[in-house]
Amino acid sequence: MIEFESVNKWYDKYHALVDVTETVARGEVVVVCGPSGSGKSTLIRTINRLEPIQTGHIRVNGQDIHDKSIDLNAFRSGIGFVFQQFNLFPHLSALENCTLAPLHLRGLSARAAREKALSLLDRVGLAHKADAMPEALSGGQQQRVAIARALAMEPPLMLFDEPTSSLDPEMVGEVLLVMRDLAKDGMTMVCVTHEMGFAREVADRILFMDAGKVLERATPDDFFNRPQHPRAAQFLADIRTPFARAV
Amino acid sequence: MSGFLEVIDTYWLYFLVGQYPNGPLGGLALTLLLASCALVMAMPLGILLAFARISPWRVVRWPVSILVFVVRGTPLLMVVFWAYFFLPSVTGVKTNQFWTMLIALVIFDAAYLAEIIRAGIQGLPKGQMECARSLGFGYFRAMRLVVLPQAIRHMLPSLVNQFISTIKETSLGYIIGLAEVSFITSQINTQVMVYPAQIYLVLGLTYLLLCFGLSRFAYWLERRRGKKQAAIAARKEAI
(Lines give C-alpha, C1' and ligand atoms only; values in the text may rest on other atoms or scores of the structure.)
Protein backbone atom coordinates (compact mmCIF):
# COMPACT_ATOMS: atom_id res chain seq x y z
CA MET A 1 0.00 0.00 0.00
CA ILE A 2 2.92 2.31 0.78
CA GLU A 3 6.27 1.99 -0.97
CA PHE A 4 9.36 3.99 -0.20
CA GLU A 5 12.03 3.76 -2.84
CA SER A 6 15.47 5.20 -2.03
CA VAL A 7 13.95 8.16 -0.20
CA ASN A 8 16.38 10.86 0.93
CA LYS A 9 15.60 14.01 2.81
CA TRP A 10 17.82 16.80 4.08
CA TYR A 11 17.09 19.70 6.43
CA ASP A 12 19.71 22.04 5.00
CA LYS A 13 22.85 19.98 5.54
CA TYR A 14 21.31 17.55 8.00
CA HIS A 15 20.57 14.21 6.36
CA ALA A 16 17.22 13.33 7.97
CA LEU A 17 16.25 10.29 5.88
CA VAL A 18 18.97 8.15 4.37
CA ASP A 19 18.07 6.00 1.41
CA VAL A 20 14.91 4.54 2.91
CA THR A 21 13.40 1.69 0.93
CA GLU A 22 10.44 0.05 2.58
CA THR A 23 6.96 -1.27 1.89
CA VAL A 24 3.83 -1.44 3.98
CA ALA A 25 1.19 -3.94 2.87
CA ARG A 26 -2.55 -3.40 3.00
CA GLY A 27 -3.96 -4.36 6.39
CA GLU A 28 -0.54 -4.33 7.97
CA VAL A 29 0.24 -2.60 11.26
CA VAL A 30 3.77 -1.24 11.26
CA VAL A 31 5.33 0.32 14.32
CA VAL A 32 8.29 2.63 13.78
CA CYS A 33 10.53 3.04 16.80
CA GLY A 34 13.95 4.36 17.60
CA PRO A 35 15.69 7.08 19.61
CA SER A 36 14.70 10.77 19.41
CA GLY A 37 15.89 12.49 16.27
CA SER A 38 16.21 9.23 14.37
CA GLY A 39 13.82 10.36 11.63
CA LYS A 40 10.69 8.43 12.65
CA SER A 41 8.38 11.42 12.60
CA THR A 42 9.97 12.78 9.45
CA LEU A 43 9.39 9.43 7.76
CA ILE A 44 5.71 9.24 8.67
CA ARG A 45 5.16 12.87 7.70
CA THR A 46 6.53 12.27 4.22
CA ILE A 47 3.73 9.79 3.53
CA ASN A 48 1.07 12.49 3.20
CA ARG A 49 3.53 15.10 1.96
CA LEU A 50 3.63 17.18 5.13
CA GLU A 51 7.39 16.92 4.60
CA PRO A 52 8.86 17.17 1.11
CA ILE A 53 11.63 14.76 0.09
CA GLN A 54 14.61 15.55 -2.09
CA THR A 55 15.24 12.26 -3.89
CA GLY A 56 13.48 8.94 -4.31
CA HIS A 57 9.85 7.98 -4.70
CA ILE A 58 6.94 7.34 -2.38
CA ARG A 59 3.97 5.49 -3.78
CA VAL A 60 0.62 5.07 -2.08
CA ASN A 61 -1.68 2.58 -3.78
CA GLY A 62 0.74 2.54 -6.68
CA GLN A 63 0.45 6.28 -7.24
CA ASP A 64 3.59 8.38 -6.95
CA ILE A 65 2.57 11.04 -4.43
CA HIS A 66 4.93 13.62 -5.89
CA ASP A 67 3.47 13.24 -9.33
CA LYS A 68 2.45 16.62 -10.72
CA SER A 69 -0.99 15.36 -11.72
CA ILE A 70 -1.95 14.29 -8.23
CA ASP A 71 -4.76 16.14 -6.45
CA LEU A 72 -2.97 16.72 -3.16
CA ASN A 73 -6.06 17.58 -1.13
CA ALA A 74 -8.06 14.59 -2.36
CA PHE A 75 -5.04 12.37 -1.76
CA ARG A 76 -4.58 13.64 1.79
CA SER A 77 -8.26 13.20 2.62
CA GLY A 78 -7.75 9.46 2.07
CA ILE A 79 -5.12 9.24 4.81
CA GLY A 80 -5.94 9.71 8.47
CA PHE A 81 -3.20 11.50 10.41
CA VAL A 82 -3.06 11.62 14.20
CA PHE A 83 -0.65 14.13 15.74
CA GLN A 84 1.28 14.09 18.97
CA GLN A 85 -0.33 17.39 19.97
CA PHE A 86 -3.87 16.24 19.01
CA ASN A 87 -4.48 19.52 17.15
CA LEU A 88 -8.19 19.54 17.81
CA PHE A 89 -9.77 22.73 16.50
CA PRO A 90 -10.39 24.62 19.76
CA HIS A 91 -13.20 26.77 18.40
CA LEU A 92 -15.30 23.72 17.52
CA SER A 93 -16.97 21.12 19.75
CA ALA A 94 -15.85 17.48 19.68
CA LEU A 95 -18.70 16.68 17.31
CA GLU A 96 -18.00 19.64 15.02
CA ASN A 97 -14.35 18.64 14.86
CA CYS A 98 -15.51 15.32 13.43
CA THR A 99 -18.07 16.76 11.01
CA LEU A 100 -16.00 19.62 9.54
CA ALA A 101 -14.15 17.66 6.89
CA PRO A 102 -17.04 15.33 5.84
CA LEU A 103 -19.33 18.37 5.52
CA HIS A 104 -16.99 20.47 3.42
CA LEU A 105 -14.96 17.87 1.56
CA ARG A 106 -17.32 14.94 1.13
CA GLY A 107 -20.46 17.00 0.69
CA LEU A 108 -22.33 15.04 3.35
CA SER A 109 -25.60 16.48 4.61
CA ALA A 110 -25.48 17.99 8.09
CA ARG A 111 -27.56 15.12 9.41
CA ALA A 112 -25.51 12.35 7.79
CA ALA A 113 -22.25 13.96 8.98
CA ARG A 114 -23.63 14.27 12.49
CA GLU A 115 -24.79 10.67 12.64
CA LYS A 116 -21.49 9.39 11.38
CA ALA A 117 -19.53 11.57 13.81
CA LEU A 118 -21.67 10.37 16.70
CA SER A 119 -21.11 6.74 15.81
CA LEU A 120 -17.35 7.35 15.58
CA LEU A 121 -17.31 9.19 18.91
CA ASP A 122 -19.18 6.23 20.31
CA ARG A 123 -16.55 3.92 18.88
CA VAL A 124 -13.82 5.79 20.79
CA GLY A 125 -16.03 5.85 23.89
CA LEU A 126 -16.85 9.57 23.85
CA ALA A 127 -20.41 9.83 22.55
CA HIS A 128 -21.34 11.54 25.83
CA LYS A 129 -18.76 14.28 25.18
CA ALA A 130 -20.00 15.16 21.69
CA ASP A 131 -20.89 18.72 22.62
CA ALA A 132 -17.86 19.38 24.80
CA MET A 133 -15.28 21.92 23.67
CA PRO A 134 -11.72 20.55 23.36
CA GLU A 135 -10.46 22.63 26.30
CA ALA A 136 -12.90 20.84 28.57
CA LEU A 137 -11.53 17.41 27.61
CA SER A 138 -8.57 15.58 29.09
CA GLY A 139 -5.56 14.83 26.91
CA GLY A 140 -6.60 11.22 26.38
CA GLN A 141 -10.11 12.27 25.45
CA GLN A 142 -8.79 14.90 23.03
CA GLN A 143 -6.62 12.35 21.30
CA ARG A 144 -9.52 9.94 21.00
CA VAL A 145 -11.63 12.69 19.42
CA ALA A 146 -8.73 13.37 17.06
CA ILE A 147 -8.76 9.71 16.02
CA ALA A 148 -12.52 9.84 15.46
CA ARG A 149 -12.05 13.01 13.39
CA ALA A 150 -9.49 11.28 11.19
CA LEU A 151 -11.74 8.23 10.80
CA ALA A 152 -14.66 10.42 9.72
CA MET A 153 -13.11 10.67 6.25
CA GLU A 154 -13.10 6.85 6.04
CA PRO A 155 -9.43 6.63 5.21
CA PRO A 156 -8.08 3.20 4.24
CA LEU A 157 -4.78 4.17 5.90
CA MET A 158 -4.06 5.71 9.29
CA LEU A 159 -0.80 7.34 10.36
CA PHE A 160 -0.03 7.94 14.03
CA ASP A 161 2.82 10.28 14.95
CA GLU A 162 3.64 9.61 18.61
CA PRO A 163 -0.04 9.69 19.57
CA THR A 164 0.58 9.09 23.28
CA SER A 165 3.82 11.00 23.85
CA SER A 166 2.22 14.14 25.25
CA LEU A 167 -0.26 12.32 27.47
CA ASP A 168 -0.19 11.75 31.20
CA PRO A 169 0.75 8.10 31.81
CA GLU A 170 -2.71 7.24 33.11
CA MET A 171 -4.29 8.28 29.81
CA VAL A 172 -2.02 6.36 27.49
CA GLY A 173 -3.99 3.14 27.82
CA GLU A 174 -7.32 4.52 26.62
CA VAL A 175 -5.75 5.79 23.40
CA LEU A 176 -3.80 2.59 22.77
CA LEU A 177 -6.99 0.56 23.25
CA VAL A 178 -8.72 2.54 20.53
CA MET A 179 -5.72 1.99 18.26
CA ARG A 180 -5.65 -1.73 19.00
CA ASP A 181 -9.32 -2.05 18.10
CA LEU A 182 -8.66 -0.25 14.83
CA ALA A 183 -5.86 -2.68 14.06
CA LYS A 184 -8.13 -5.61 14.83
CA ASP A 185 -10.67 -4.27 12.34
CA GLY A 186 -8.04 -4.59 9.65
CA MET A 187 -6.98 -0.94 9.28
CA THR A 188 -3.63 -0.36 7.64
CA MET A 189 -1.60 1.57 10.20
CA VAL A 190 1.81 3.11 10.54
CA CYS A 191 2.53 4.17 14.12
CA VAL A 192 5.50 6.05 15.45
CA THR A 193 5.45 5.25 19.13
CA HIS A 194 7.56 4.61 22.19
CA GLU A 195 4.94 2.25 23.61
CA MET A 196 6.80 -1.04 23.37
CA GLY A 197 3.91 -2.97 24.91
CA PHE A 198 1.70 -1.80 22.07
CA ALA A 199 4.38 -2.65 19.53
CA ARG A 200 4.78 -6.12 20.93
CA GLU A 201 1.08 -6.90 21.05
CA VAL A 202 -0.38 -5.14 18.01
CA ALA A 203 2.34 -4.66 15.41
CA ASP A 204 2.79 -7.05 12.51
CA ARG A 205 6.19 -5.61 11.90
CA ILE A 206 8.59 -3.26 13.63
CA LEU A 207 10.95 -0.86 11.92
CA PHE A 208 13.84 0.37 14.00
CA MET A 209 15.40 3.64 12.91
CA ASP A 210 18.50 5.54 13.89
CA ALA A 211 20.19 8.54 12.25
CA GLY A 212 17.73 8.54 9.36
CA LYS A 213 18.26 4.89 8.44
CA VAL A 214 16.02 1.90 8.92
CA LEU A 215 18.43 -0.41 10.71
CA GLU A 216 16.13 -3.29 11.44
CA ARG A 217 12.82 -4.64 10.21
CA ALA A 218 11.45 -7.60 12.13
CA THR A 219 8.41 -9.20 13.68
CA PRO A 220 7.84 -8.08 17.28
CA ASP A 221 8.98 -11.47 18.52
CA ASP A 222 12.27 -11.28 16.64
CA PHE A 223 12.82 -7.63 17.43
CA PHE A 224 12.33 -7.89 21.17
CA ASN A 225 13.94 -11.30 21.67
CA ARG A 226 16.56 -11.51 18.95
CA PRO A 227 17.53 -8.02 17.77
CA GLN A 228 20.07 -8.27 14.96
CA HIS A 229 21.57 -4.80 14.80
CA PRO A 230 23.76 -3.79 17.77
CA ARG A 231 22.11 -0.32 17.88
CA ALA A 232 18.69 -1.96 18.23
CA ALA A 233 19.98 -4.25 20.96
CA GLN A 234 21.40 -1.22 22.78
CA PHE A 235 18.10 0.67 22.39
CA LEU A 236 16.15 -2.24 23.86
CA ALA A 237 18.61 -2.61 26.71
CA ASP A 238 18.31 1.11 27.49
CA ILE A 239 14.52 1.14 27.63
CA ARG A 240 14.39 -2.02 29.72
CA THR A 241 16.86 -0.83 32.32
CA PRO A 242 16.93 2.95 32.04
CA PHE A 243 19.52 3.45 34.79
CA ALA A 244 21.99 0.79 33.71
CA ARG A 245 24.19 3.12 31.67
CA ALA A 246 23.91 6.13 33.94
CA VAL A 247 25.14 4.31 37.00
CA MET B 1 -22.73 80.85 30.17
CA SER B 2 -26.12 81.62 28.66
CA GLY B 3 -24.20 83.11 25.74
CA PHE B 4 -22.57 79.74 25.07
CA LEU B 5 -25.94 77.99 25.20
CA GLU B 6 -27.01 80.39 22.48
CA VAL B 7 -23.99 79.30 20.45
CA ILE B 8 -25.06 75.68 20.81
CA ASP B 9 -28.61 76.59 19.90
CA THR B 10 -27.41 78.34 16.74
CA TYR B 11 -24.76 75.91 15.55
CA TRP B 12 -25.77 72.39 16.72
CA LEU B 13 -27.14 71.36 13.35
CA TYR B 14 -24.10 72.80 11.58
CA PHE B 15 -21.90 70.81 13.99
CA LEU B 16 -23.82 67.60 13.27
CA VAL B 17 -24.24 67.70 9.47
CA GLY B 18 -22.38 70.78 8.15
CA GLN B 19 -24.18 72.69 5.40
CA TYR B 20 -26.36 69.72 4.50
CA PRO B 21 -29.02 69.73 2.97
CA ASN B 22 -28.21 73.11 1.40
CA GLY B 23 -24.60 72.13 0.77
CA PRO B 24 -22.34 69.08 1.04
CA LEU B 25 -22.59 66.80 4.06
CA GLY B 26 -20.17 67.69 6.84
CA GLY B 27 -19.69 67.79 10.59
CA LEU B 28 -20.06 64.78 12.85
CA ALA B 29 -22.05 62.89 10.21
CA LEU B 30 -19.16 63.17 7.75
CA THR B 31 -16.68 62.07 10.41
CA LEU B 32 -18.77 58.99 11.14
CA LEU B 33 -19.24 58.26 7.45
CA LEU B 34 -15.52 58.63 6.77
CA ALA B 35 -14.54 56.46 9.74
CA SER B 36 -16.99 53.68 8.86
CA CYS B 37 -16.05 53.69 5.17
CA ALA B 38 -12.38 53.57 6.12
CA LEU B 39 -12.93 50.63 8.48
CA VAL B 40 -15.11 48.68 6.06
CA MET B 41 -12.60 49.11 3.24
CA ALA B 42 -9.40 48.81 5.27
CA MET B 43 -10.37 45.48 6.86
CA PRO B 44 -10.57 43.35 3.69
CA LEU B 45 -7.51 45.12 2.29
CA GLY B 46 -5.71 44.44 5.57
CA ILE B 47 -6.58 40.72 5.32
CA LEU B 48 -5.28 40.65 1.73
CA LEU B 49 -2.05 42.40 2.72
CA ALA B 50 -1.64 40.03 5.67
CA PHE B 51 -1.94 37.02 3.37
CA ALA B 52 0.61 38.60 1.08
CA ARG B 53 2.95 39.19 4.01
CA ILE B 54 2.96 35.48 4.90
CA SER B 55 2.93 34.28 1.31
CA PRO B 56 5.63 31.78 0.33
CA TRP B 57 6.22 33.76 -2.89
CA ARG B 58 8.76 36.53 -2.65
CA VAL B 59 7.18 38.45 -5.54
CA VAL B 60 4.06 38.91 -3.46
CA ARG B 61 5.70 39.19 -0.06
CA TRP B 62 8.31 41.83 -0.75
CA PRO B 63 6.33 44.71 -2.25
CA VAL B 64 3.72 44.41 0.49
CA SER B 65 6.38 44.23 3.20
CA ILE B 66 7.94 47.40 1.80
CA LEU B 67 4.55 49.12 1.74
CA VAL B 68 3.92 48.15 5.36
CA PHE B 69 7.34 49.38 6.47
CA VAL B 70 6.95 52.68 4.62
CA VAL B 71 3.49 53.34 6.00
CA ARG B 72 4.52 52.41 9.53
CA GLY B 73 7.55 54.66 9.25
CA THR B 74 5.66 57.78 8.14
CA PRO B 75 3.09 59.93 9.91
CA LEU B 76 -0.47 59.79 8.61
CA LEU B 77 -0.20 63.48 7.75
CA MET B 78 2.45 62.62 5.15
CA VAL B 79 0.22 59.95 3.64
CA VAL B 80 -2.62 62.46 3.47
CA PHE B 81 -0.37 64.96 1.66
CA TRP B 82 0.75 62.29 -0.77
CA ALA B 83 -2.83 61.34 -1.49
CA TYR B 84 -3.70 65.03 -1.91
CA PHE B 85 -0.79 66.31 -4.02
CA PHE B 86 0.94 63.25 -5.39
CA LEU B 87 -1.89 60.89 -6.35
CA PRO B 88 -3.69 63.28 -8.78
CA SER B 89 -0.46 63.99 -10.64
CA VAL B 90 0.14 60.26 -11.08
CA THR B 91 -3.38 59.11 -11.86
CA GLY B 92 -4.51 62.29 -13.61
CA VAL B 93 -7.76 62.15 -11.65
CA LYS B 94 -8.47 65.00 -9.26
CA THR B 95 -10.28 63.46 -6.32
CA ASN B 96 -12.26 65.54 -3.85
CA GLN B 97 -11.22 65.89 -0.22
CA PHE B 98 -13.45 63.08 0.99
CA TRP B 99 -12.01 60.51 -1.37
CA THR B 100 -8.49 61.77 -0.84
CA MET B 101 -8.84 61.37 2.90
CA LEU B 102 -10.56 58.00 2.53
CA ILE B 103 -7.78 56.65 0.32
CA ALA B 104 -5.13 57.84 2.74
CA LEU B 105 -6.95 56.32 5.72
CA VAL B 106 -7.58 53.00 3.99
CA ILE B 107 -3.94 52.58 2.95
CA PHE B 108 -2.66 53.67 6.34
CA ASP B 109 -5.01 51.52 8.40
CA ALA B 110 -4.80 48.50 6.11
CA ALA B 111 -1.05 48.39 6.68
CA TYR B 112 -1.54 48.42 10.45
CA LEU B 113 -4.41 45.94 10.32
CA ALA B 114 -2.29 43.66 8.13
CA GLU B 115 0.33 43.48 10.87
CA ILE B 116 -2.29 42.70 13.53
CA ILE B 117 -3.83 39.99 11.35
CA ARG B 118 -0.46 38.52 10.40
CA ALA B 119 0.53 38.29 14.04
CA GLY B 120 -2.83 36.71 14.86
CA ILE B 121 -2.42 34.05 12.17
CA GLN B 122 1.22 33.32 12.95
CA GLY B 123 0.51 33.23 16.67
CA LEU B 124 -1.53 30.05 16.29
CA PRO B 125 0.23 26.71 16.72
CA LYS B 126 1.50 25.45 13.38
CA GLY B 127 -0.29 22.16 13.99
CA GLN B 128 -3.69 23.73 13.34
CA MET B 129 -2.88 24.45 9.71
CA GLU B 130 -1.03 21.15 9.29
CA CYS B 131 -3.93 19.22 10.70
CA ALA B 132 -6.49 20.96 8.48
CA ARG B 133 -4.28 20.30 5.45
CA SER B 134 -3.92 16.63 6.46
CA LEU B 135 -7.69 16.27 6.49
CA GLY B 136 -7.64 17.40 2.87
CA PHE B 137 -8.53 21.09 3.13
CA GLY B 138 -6.79 23.42 0.69
CA TYR B 139 -4.80 26.40 1.98
CA PHE B 140 -7.54 29.01 1.76
CA ARG B 141 -10.29 26.74 3.05
CA ALA B 142 -8.09 25.76 5.99
CA MET B 143 -7.53 29.47 6.62
CA ARG B 144 -11.22 30.30 6.45
CA LEU B 145 -12.57 27.36 8.46
CA VAL B 146 -9.81 26.68 10.97
CA VAL B 147 -7.18 29.42 11.27
CA LEU B 148 -9.05 32.72 10.87
CA PRO B 149 -11.94 31.99 13.26
CA GLN B 150 -9.38 31.37 16.02
CA ALA B 151 -7.01 34.15 15.01
CA ILE B 152 -9.75 36.80 14.90
CA ARG B 153 -10.75 35.93 18.47
CA HIS B 154 -7.20 36.67 19.61
CA MET B 155 -6.92 39.79 17.46
CA LEU B 156 -10.17 41.47 18.54
CA PRO B 157 -8.77 43.85 21.18
CA SER B 158 -5.98 45.03 18.85
CA LEU B 159 -8.43 45.41 15.98
CA VAL B 160 -10.73 47.57 18.09
CA ASN B 161 -7.73 49.70 19.10
CA GLN B 162 -7.01 50.29 15.45
CA PHE B 163 -10.65 51.18 14.82
CA ILE B 164 -10.48 53.75 17.62
CA SER B 165 -7.37 55.25 16.05
CA THR B 166 -9.19 55.48 12.75
CA ILE B 167 -11.96 57.59 14.29
CA LYS B 168 -9.37 60.01 15.66
CA GLU B 169 -7.37 60.02 12.44
CA THR B 170 -10.31 61.41 10.48
CA SER B 171 -9.62 64.75 12.19
CA LEU B 172 -6.55 65.15 9.97
CA GLY B 173 -9.00 65.80 7.13
CA TYR B 174 -8.95 69.32 8.58
CA ILE B 175 -5.59 69.93 6.94
CA ILE B 176 -6.93 69.46 3.41
CA GLY B 177 -10.13 71.38 4.10
CA LEU B 178 -12.46 68.42 4.51
CA ALA B 179 -15.57 69.62 6.34
CA GLU B 180 -15.49 66.94 9.03
CA VAL B 181 -16.32 67.73 12.62
CA SER B 182 -12.97 69.30 13.60
CA PHE B 183 -13.00 71.59 10.58
CA ILE B 184 -16.60 72.61 11.20
CA THR B 185 -15.79 73.29 14.86
CA SER B 186 -12.91 75.57 13.98
CA GLN B 187 -15.20 77.45 11.62
CA ILE B 188 -17.78 77.85 14.35
CA ASN B 189 -15.04 79.11 16.64
CA THR B 190 -13.90 81.64 14.07
CA GLN B 191 -17.41 83.01 13.76
CA VAL B 192 -18.19 83.06 17.48
CA MET B 193 -14.74 84.23 18.62
CA VAL B 194 -15.43 84.48 22.37
CA TYR B 195 -15.87 80.85 23.51
CA PRO B 196 -12.86 78.91 22.09
CA ALA B 197 -12.34 76.78 25.23
CA GLN B 198 -15.97 75.73 25.46
CA ILE B 199 -16.31 75.05 21.75
CA TYR B 200 -13.23 72.85 21.60
CA LEU B 201 -14.30 71.17 24.81
CA VAL B 202 -17.47 70.08 23.05
CA LEU B 203 -15.40 68.75 20.16
CA GLY B 204 -13.11 66.88 22.54
CA LEU B 205 -16.07 65.37 24.38
CA THR B 206 -17.55 64.24 21.08
CA TYR B 207 -14.41 62.31 20.12
CA LEU B 208 -14.11 61.00 23.64
CA LEU B 209 -17.67 59.70 23.54
CA LEU B 210 -17.10 57.87 20.26
CA CYS B 211 -13.77 56.37 21.25
CA PHE B 212 -14.76 55.63 24.82
CA GLY B 213 -17.78 53.73 23.57
CA LEU B 214 -15.61 51.63 21.29
CA SER B 215 -12.91 51.04 23.88
CA ARG B 216 -15.50 49.97 26.47
CA PHE B 217 -16.74 47.54 23.86
CA ALA B 218 -13.21 46.22 23.36
CA TYR B 219 -12.71 45.93 27.12
CA TRP B 220 -15.97 44.05 27.44
CA LEU B 221 -14.91 41.64 24.69
CA GLU B 222 -11.60 41.01 26.42
CA ARG B 223 -13.29 40.44 29.75
CA ARG B 224 -15.78 38.04 28.22
CA ARG B 225 -12.95 36.04 26.69
CA GLY B 226 -11.07 36.02 29.99
CA LYS B 227 -14.14 34.83 31.86
CA LYS B 228 -14.75 32.08 29.36
CA GLN B 229 -11.18 30.86 29.72
CA ALA B 230 -11.39 31.01 33.50
CA ALA B 231 -14.59 28.95 33.39
CA ILE B 232 -12.90 26.39 31.16
CA ALA B 233 -9.90 26.20 33.48
CA ALA B 234 -12.22 25.69 36.44
CA ARG B 235 -14.05 22.90 34.66
CA LYS B 236 -10.74 21.26 33.86
CA GLU B 237 -9.73 21.40 37.52
CA ALA B 238 -13.00 19.73 38.42
CA ILE B 239 -12.20 16.82 36.10
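On average, how much accessible surface per residue is there in the protein assembly as shown, in Å², for a 1.4 Å probe, leaving out ligands, DNA and RNA?
About 49 Å² of surface per residue is accessible.
Can you give me the Cα centroid spacing of segment A:118-152 and segment A:19-44 in angstrom?
Using only Cα atoms, the two centres lie 27 Å from each other.
May I ask for the longest run of chain A untouched by trypsin sites (Lys or Arg not before Pro) that are loop-located per DSSP and have at most 10 neighbouring C-beta atoms (other than their own) within 10 Å?
That gives A:69-244 as the longest site-free run.
Per residue of A:66-76, what is the mean number of Cβ atoms on other protein chains within 10 angstrom of that residue's Cβ?
2
Averaged over B:134-144, how many beta carbons belonging to a partner chain fall within 10 Å of each residue's beta carbon?
For this peptide, the per-residue mean of nearby foreign Cβ atoms is 6.
Probe 1.4 Å, all protein chains in place: accessible area of B:Tyr195 in Å², nearest 10?
50 Å²
Which aspartates and glutamates, on any chain, are close to A:Lys184 with Cα under 12 Å apart, when same-chain ones fewer than 8 places away are left out?
Within the straight-line cut-off, A:Lys184 pairs with A:Glu28, A:Glu201, A:Asp204.
How do B:Tyr200, B:Tyr84 rank by accessible surface area computed with a 1.4 Å probe, from largest to smallest?
Descending order: B:Tyr200, B:Tyr84.
When the chain is fully extended, how far beyond the present Cα-Cα distance does B:Arg224 get from B:Trp82, taking 0.36 nm per residue of separation?
The B:Arg224-B:Trp82 span can extend by a further 47.0 nm.
Sort chain B into rounded, prolate or oblate with this rule: let a ≥ b ≥ c be the square roots of the eigenvalues of the Cα gyration tensor; rounded if a/c is under 1.5, and if a/c is not under 1.5, prolate when a/b is larger than b/c, oblate otherwise.
Here chain B falls in the oblate category.
When a/c reaches 1.5 or more, the comparison of a/b and b/c decides; with that in mind, is the protein assembly as shown rounded, prolate or oblate per its Cα gyration tensor?
Prolate shape, in that a/c is at least 1.5 and a/b is the bigger ratio.
Identify, among A:Ile65, A:Thr55, A:Pro90, the residue whose Cα sits farthest towards the positive end of the charge dipole of segment A:36-93, taking +1 on the Cβ of Lys and Arg and -1 on the Cβ of Asp and Glu, with the dipole about the Cα centre.
A:Pro90
Using +1 on the beta carbon of Lys and Arg, -1 on that of Asp and Glu, and nothing else charged, what's the dipole of the protein assembly as shown about the Cα centre, debye to 20?
320 debye
Whole angstrom only: what separates the Cα centroid of segment B:144-173 from the Cα centroid of segment B:87-141?
11 Å
Picking from B:Val181, B:Val59, B:Val106, which is most flexible by a Gaussian network model of chain B using Cα springs under 10 Å?
B:Val59
Which ³J(HN,Hα) values in Hz, rounded to whole numbers, follow from the phi angles of segment A:201-213 under the Karplus curve 6.51 cos²θ - 1.76 cosθ + 1.60, where θ = phi - 60° and Gly and Pro get x?
With coefficients 6.51, -1.76 and 1.60, one gets 7, 9, 5, 7, 8, 10, 10, 10, 10, 8, 6, x, 10 Hz.
Run through segment B:89-188 and list the trypsin sites (Lys or Arg not before Pro) located in a DSSP loop whose Cβ has at most 15 other Cβ atoms within 10 Å.
Taking segment B:89-188 and a limit of 15 other Cβ atoms within 10 Å, the loop trypsin sites (Lys or Arg not before Pro) found are B:Lys94.
Using Cα atoms only, what is the angle between the long axis of helix B:181-192 and the major principal axis of chain B, expressed in degrees (0 to 90) to the nearest 10?
With both axes taken from Cα atoms, the answer is about 20 degrees.
Can you flag which of A:Lys116/B:Lys126; A:Lys213/B:Lys126; A:Lys13/A:Lys68; A:Lys40/A:Lys213 are past 19 Å Cα-Cα?
Beyond 19 Å between Cα atoms: A:Lys116/B:Lys126; A:Lys213/B:Lys126; A:Lys13/A:Lys68.
With all protein chains present, how much of the accessible area of segment A:103-171 (probe radius 1.4 Å) comes from carbon and sulfur, to the nearest whole percent?
47 percent
The values are calculated or read from the model by the stated rules, or taken from the named source; none is laboratory data. Treat the numbers as computed from the prediction; the structure is a model and nothing was measured. Because the Cβ atoms are built from the backbone with ideal geometry, glycine has one as well, and the counts that use them run over all protein chains shown. These area figures cover heavy atoms from the full protein model, side chains too; ligands, DNA and RNA do not enter into them. Shrake-Rupley method; radii C 1.70, N 1.55, O 1.52, S 1.80 Å.
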